[in-house]
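Peer 1: Sharing a structure, written as structure tokens. Questions coming.
Each value in this text was obtained by applying a stated rule to the coordinates, not by laboratory testing. Given the structure is predicted, the values throughout are model-derived calculations rather than measurements. Neighbour counts are summed over all protein chains in view; Cβ atoms, including those assigned to glycine, are modelled from backbone coordinates with ideal geometry.
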Amino acid sequence: MLPLPTFRYHPDPVATGSIAASDKPCLVCQQARGFIYTGPVYAEPDLAAIPRPADPDACAGRVLG
Ligand SMILES: [Zn+2]
């Protein structure tokens, strides 16, 4: 499990329930990062339509899993 980064405007997202510990893999890079975002999302509903990063470490979801 990777440590969470510091969220300047949301200092304890685990305590507020926005992020939870999880073994689930990221839907984009397929890597488990130890946490998952549990809050609402405004995004493209069809993930297959979104281009994947060539480098999984470049994935924006790498910390949230
Ligand atoms: Zn990812």
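Peer 1: With a 10 Å radius around each residue's Cβ, average the other Cβ atoms per peptide and rank 12-20, 47-55, highest first.
Peer 2: Listed from highest to lowest mean packing, they are 12-20, 47-55.
Peer 1: Once phi is turned into θ = phi - 60°, what whole-Hz ³J(HN,Hα) does the Karplus curve with 6.51, -1.76 and 1.60 give for every residue of segment 13-20, x standing for Gly and Pro?
Peer 2: Once rounded to whole Hz, the list reads x, 6, 5, 7, x, 6, 10, 10.
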